[in-house]
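Each remark here refers to the structure printed beneath this line.
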């Protein structure tokens with residue numbers, strides 16, 4: 001995605017003919033808060049992702065990937081981290097996955 005997550009929501013909303021109020025009502029968000037999300041001043045609450053996926057017939061896992069990648073990117077930018085942090089994070093994710101599989105703690109909930 002070449003836009004930020006909020007812009008993506010705005011594009012989906014407009015493409016599908018929803019007003020801020022209409023989409024906000026379906027997501028249980030007031031239109032002012034949704035406007036801030038669309039302009040990048042506020043982040044959508046992750047609990048809204050399943051609703052968003054259902055409303056626009058999107059793959060929830062792909063939507064989560066986009067959402068969390070932006071969240072991570074914002075933290076990296078805000079904290080002025082080097083690109084090395086991405087390699088380290090990938091290594092840590094692999095370690096956590098492998099450790100959980102070995103210990104029988106694999107959690108497959110979405």
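Every number here is computed from the coordinates shown, using simple stated rules; none is lab data. Keep in mind the model is a prediction, meaning the values are calculated, not measured. So basically every Cβ, Gly included, is an ideal-geometry build from the backbone, and we count neighbours across all protein chains shown.
A few points about this structure:
- Extension gain, residue 53 to residue 79: 0.36 nm times the residue separation minus the Cα-Cα distance gives 6.3 nm.
- Its relative contact order, with pairs defined as Cα atoms under 8 Å and 6+ residues apart, puts the chain at 20 percent.
- Judged by the ratio a/c of the largest to the smallest principal axis of the C-alpha gyration tensor, segment 5-58 counts as rounded, that ratio being less than 1.5.
- If R0 equals 25 Å, the separation of the Cβ atoms of residue 64 and residue 31 corresponds to a calculated FRET efficiency of about 0.50.
- Each peptide among 21-32, 56-67 gets the average number of other Cβ atoms lying within 10 Å of its residues, and from highest to lowest they stand as 21-32, 56-67.
- Per-residue ellipticity at 222 nm from helix content only, as computed over the chain with -39500 (n - 2.57) for each DSSP H run of at least four residues, stands at -20500 deg cm²/dmol.
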